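A.B. asks: Have a look at this one.
The values are calculated or read from the model by the stated rules, or taken from the named source; none is laboratory data. The shown structure was predicted, so the numbers you read here are calculated from the model rather than taken from an experiment. Reconstructed Cβ throughout: ideal geometry from the backbone, glycine too, with neighbour counts over all protein chains shown. The area values use the complete protein model at the heavy-atom level, side chains included, leaving out ligands, DNA and RNA. Shrake-Rupley method; radii C 1.70, N 1.55, O 1.52, S 1.80 Å.
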Amino acid sequence: MSTLLKFDSSPMGERSISRKLTTQFAETWLKSHLRGTVISRDLTALDIPAIGAPWAAAVHTPEDARITEQAKLLSISDELIADLQQADEYVFGVPMHNFSIPSTLKLWIDQIVRAGKTFSYSSAGPKGLLTGKKATLLIASGGAYEQGSPSASYNFVTPYLLTVFGFIGITDVTIIAAESTAQLMGGKVDPQAFLAPVLEKVKAHATV
Ligand SMILES: Cc1cc2nc3c(=O)[nH]c(=O)nc-3n(C[C@H](O)[C@H](O)[C@H](O)COP(=O)(O)O)c2cc1C
């Protein structure tokens, strides 16, 4: 039995494009994984705290030497990491915000990138520990950032997420982008027709 962890990070609720894509992915994935389970995590609702000096000190204190308060400080991080370890596959809905990822997703990343848990240091350099996992990134952006175009260098979402996931061992990553969603703002473009091709891509990939 496999488990899919579905993450959403758009604050736009029903109007969110990336949430429509993750919903489609999960629905299709369940049809092709009959005994599979989907667990949903809405990063905008989790209230993940920003890390601070006490958190960093707790991380650098050996587990058996941590005082109760330090263990408590790391409990959210521990839970979020356990989530990742237990799942086989992940899908992320990622809206582009100011050329980068939403702050809620960054807060989550800061909690799950942890030495000894999701990566380790070795003589050969850092080594990712979340191996054998598969991730799909469903990225929505108001503008377009095709490779080779003048605006491509403004896209910090894709290179950042590929780097950070690769760092913790998640290297089997597929990206599907819904670009130019700003076209939907004026009401002149039919949302269903606009989204149909990207939803088809999502469906095709979710059955793999
Ligand atoms: C705070 C904020 C910042 C944004 N910054 C960008 C940006 O830098 N580049 C861009 O192309 N679109 C930007 N957008 C537009 C979103 O990427 C676009 O609306 C996308 O559809 C968001 O995904 P969602 O519909 O799932 O929320 C921004 C939207 C918001 C709300």
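A.B. asks: Under a crude label model (7 Å from the Cα following the beta-carbon direction), how far is ARG15 from GLN183 in nanometres?
C.D. replies: 2.0 nm
A.B. asks: If you don't mind, there's one more thing I want to ask. As a test of the formula, what do you get for the chain when each DSSP H run with n ≥ 4 contributes -39,500 (n - 2.57) and the sum is divided by the residue count, at 222 nm and rounded to the nearest 500 deg cm²/dmol?
C.D. replies: -11500 deg cm²/dmol
A.B. asks: What is the spin-label model distance, in nm, from LEU30 to ILE175 if the labels are put 7 Å beyond Cα along the C-beta direction?
C.D. replies: With each label point 7 Å from Cα toward Cβ, the separation is 2.9 nm.
A.B. asks: What angle, in degrees between 0 and 90 and rounded to the nearest 10, separates the Cα long axis of helix 75-86 from the longest principal axis of the Cα atoms of the chain?
C.D. replies: 60 degrees
A.B. asks: If you roll a 1.4 Å probe over the heavy atoms of the protein chains, what accessible area per residue do you get for the chain, in Å²? Please report the intermediate quantities before stating the final value.
C.D. replies: Numbers: 11110 Å² over 208 residues.
It amounts to 53 Å² per residue over the chain.
A.B. asks: Greater than 26 Å separation of Cα atoms is the criterion. Which listed pairs, LYS127/LYS203; LYS72/LYS134; LYS31/LYS201, meet it?
C.D. replies: From LYS127/LYS203; LYS72/LYS134; LYS31/LYS201, over 26 Å: LYS127/LYS203; LYS72/LYS134.
A.B. asks: On to the next question. Could you work out what % of the accessible surface of region 77-208 is carbon and sulfur, using a 1.4 angstrom probe and leaving DNA, RNA and ligands out of the count? List each step's numbers first, then the result.
C.D. replies: Numbers: 3650 of 6550 Å².
Answer for region 77-208: carbon and sulfur cover 56 percent of the accessible area.
A.B. asks: For LEU138, what charge total do you get from the other residues with a beta carbon under 11 Å from its beta carbon, if Lys and Arg give +1 and Asp and Glu give -1?
C.D. replies: Surrounding charge for LEU138 is +3.
A.B. asks: Percent of alpha carbon pairs in region 1-153 separated by more than 20 Å?
C.D. replies: Taking all Cα-Cα pairs of region 1-153, the fraction more than 20 Å apart is 58 percent.
A.B. asks: Here's a follow-up. Please express the shape of region 66-196 as an equivalent ellipsoid: the semi-axes are the square roots of 5 times the eigenvalues of the C-alpha gyration tensor, given largest first in whole angstrom.
C.D. replies: Semi-axes (√(5λ), whole Å): 33, 17, 14.
A.B. asks: If one computes the Cα centroid of region 38-105 and of region 2-25, what distance in Å separates the two points?
C.D. replies: 19 Å
A.B. asks: Okay, moving on. Can you give the % of DSSP beta bridges in the chain that are antiparallel, to the nearest 5?
C.D. replies: Rounded to the nearest five, the antiparallel share is 15 percent.
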